[in-house]
Amino acid sequence: MGAPPPNWWLQDYFNWLGRPYYLALQSAASTFGSNPQALQVTQVMTDKPLRPINIGRTQLRFFVKRGIGRTPMQQPDGAVAPLLISTPEATAYDLVRYATSIGGIERAAETIRPLLRLLRPRELKRLLDGEDEPGVAQRLGFVIEVCGNKSLAKVVRKSLPDQLTPVALVPGKGTRDSLPLVKRWQVLNNSSELKV
């Protein structure tokens, strides 16, 4: 590989940088057993832009989250070295929030589906209250419902205000007038694959 696995040295690297981080998105989902497609890159969340790193055959890609301190994190079971990863709830949320950067909302949904069994309603509610981004929560609720978990979808819906502004499932794709509206979520469904 040309280098030890990033999970062994990410904590030390970010300690050296003096910056917050966590293993995120599909890389975090993979540690929870959700890896529908083989990952070619390690995805890491931090608070400011960093250029991608290539070490041997290892590639690291960094994503920026301004409110990174609000994100619930944990240590993975059986880790060889200290490592922070997003909780299953935060991972699902980030997958929807950053869907356009990781292959689209369909890919996010494909990764979220196996994670649903790990999501805890109380932790999901706490996460949604802390993030306070209704548009992302609307999309997440829609995806969770499409993936078949109505009880978790209810948790998301209860966290949202009564009056919602319609949001496109995939931002910037298609004209709003021609998109079907999923009323419960006020989501304009511009995905050809995800249907309630």
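Where a number appears in this text, it was derived from the coordinates with a stated rule and is not lab data. From a predicted model like this one, the values you see are computed outputs, not experimental measurements. Heads up, the Cβs are rebuilt from the backbone with ideal geometry, glycines too, and the neighbour counts pull from every protein chain shown.
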- Stretched out fully, how many nm does the piece from residue 55 to residue 192 gain, at 0.36 nm a residue minus the Cα gap? 45.6 nm
- Query: Exactly which trypsin sites (Lys or Arg not before Pro) in the stretch 24-111 are in a DSSP loop and have at most 16 other Cβ atoms within 10 Å?
  - Reply: 57, 66
- Task: Could you work out how far the C-alpha centroid of the stretch 107-144 sits from that of the stretch 1-32, in angstrom?
- Result: 23
- Message: How large is the Kirkwood hydrodynamic radius of the stretch 6-188, counting all unique pairs of alpha carbons, in Å?
- Response: 17.0
- For each pair in 150/195; 125/195; 65/183; 154/195; 65/195; 154/183, compute the distance between the two Cα atoms and list the pairs where it is over 20 Å. 125/195; 65/183; 65/195
- Task: Find which of 67, 134, 49 sits farthest along the positive direction of the dipole of the stretch 6-188, computed with +1 on the beta-carbon of Lys and Arg, -1 on that of Asp and Glu, about the Cα centre.
- Result: 134
- Message: Pairs of alpha-carbon atoms within less than 8 angstrom and 6+ residues apart define the contacts here; what relative contact order does the chain have, in percent?
- Response: 17
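Stretch residue 150-residue 126 to full length: gain in nm at 0.36 nm per residue minus the Cα-Cα span?
Separation in residues times 0.36 nm, less the Cα-Cα distance, equals 6.8 nm.
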- Task: Quick one: compute the contact order of the stretch 51-109, relative version, from alpha carbon pairs under 8 angstrom and 6+ residues apart, as a percent.
- Result: 18
- Tell me, in nm to one decimal, what length is gained between residue 8 and residue 160 on full extension, where the rule is 0.36 nm per residue of separation less the Cα-Cα distance? 50.9 nm
